[in-house]
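First the structure, in the form of structure tokens, and then the observations on it.
What follows draws every value from the coordinates through simple rules; no lab data is involved. Because the structure is a prediction, the values reported are computed rather than measured. For neighbour counting, all protein chains shown are included, and Cβ atoms are generated from backbone atoms with ideal geometry for every residue, glycine included.
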Amino acid sequence: MRVKTLALLSGFLLVGSASAMADQHPVPPNVIKNMPPQQQQCRVCHQQTTPKVYQEWAHSKHAVANVRCFQCHGTLEDFHKTPPIDKCAACHYHEVETMQKKTPGFKCWTCHNEHIFEFHGSGVKKIKTAKDFGAK
């Protein structure tokens, strides 16, 4: 009986830790922290490992607005592969609130590509760039 109970508890711990790890960064934080500071930046690795995702973000309005990876995905201590919706609400409170009222549990990336985030609707205006202010 004790062996079965121990095996069952071990199984729950294994399943629980696997689901908890599913949203963690694939490289452990202690490995990243031991790298030289210039190599700890998300873009350094992601330009090589996921160049399409990096390029999508680099040419997005989020990049133009200086929204960096950690602002959505968190830091090494609170990293999320899939950001919680409250990260979006930090800047887009009205949009998230409206979306949640219409369709509870809905995520921004259900309609918007995760790293491009093309805008739609009449309430969104073009983000101004240096060119709009006369920069050449």
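The calculated FRET efficiency for residue 100 paired with residue 22, based on their beta-carbon distance and R0 = 22 Å, is about 0.40. Principal axis analysis of the Cα atoms in segment 21-122 yields extents of 45, 28, 19 Å, listed in decreasing size. Subtracting the Cα-Cα distance of residue 80 and residue 92 from their residue separation scaled by 0.36 nm leaves 2.5 nm.
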